[in-house]
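The structure appears below as structure tokens.
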Amino acid sequence: MPASKTNIPGHRGNNPEAVKARQDAFLQAYDKYGTIKHACNEIRIDRSTVTSWRNRDVNGFAARMNDARDDFAEEIEYTLFQRAKDPKCNPILVIFALKGLKPEKYRDNTVVTDETAKDVLKELRSRYKGLNFEEAPTAEEASVHEQAELILKNKRK
């Protein structure tokens, strides 16, 4: 066993105290780095161990990990907001902060103002009312298809 593992209390064994000690060491590293990969590397455990702890919820690990993730996210938010208050801050960072803080006011709004598609669809629905598209078109229906193409061409102009 590498010497680095001996620095983690209870790293050896699968008894409840040893597992809890490894979980605590992982959560402390997770709080420091914010990623599972880097926390696993720090305490030299496999990612599958963390997945197993979470899925089986060993020692309430799932909730403890969620808390650690929330704590890390709040630290990042704090850093972002402190930087955003600096008058020399990049305006994009300020915009990003505002979108997070007040999404109802600052979110991106996409509004389609061109009503052409709605008009074409409305006209096609009225012309094709009751038409079954799964059957092969008859001669009369083929002319209806041509009419629809004409409508579309005129709307594009």
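The values are calculated or read from the model by the stated rules, or taken from the named source; none is laboratory data. Bear in mind that the values here come from a model prediction, so they are computed numbers and not experimental data. Note that we place each Cβ from the backbone using ideal geometry, even for glycine, and neighbour counts take in every protein chain shown.
Structural remarks
- Subset of the range 49-91 that is among the aliphatic types (A, V, I, L, M) and more than 30 Å from L101 (Cβ to Cβ) - its residue that is surrounded by the most Cβ atoms within 10 Å (Cβ to Cβ): V50
- Condition met for A84 (within 12 Å of L27 (Cα to Cα) and assigned by TED's automatic domain parsing to the domain that holds V19): no
- Yes/no for A25 being more than 30 Å from K153 (Cα to Cα), in contact with a Leu (Cβ under 7 Å, 6 or more places away or on another chain), of a type outside the set (V, I, T) and not assigned by TED's automatic domain parsing to the domain that holds E149: no
- Filter result for D108 (at pLDDT below 95, more than 26 Å from the chain's Cα centre (by Cα) and either surrounded by fewer than 11 Cβ atoms within 10 Å (Cβ to Cβ) or under 30 Å from K153 (Cβ atoms) (or both)): no
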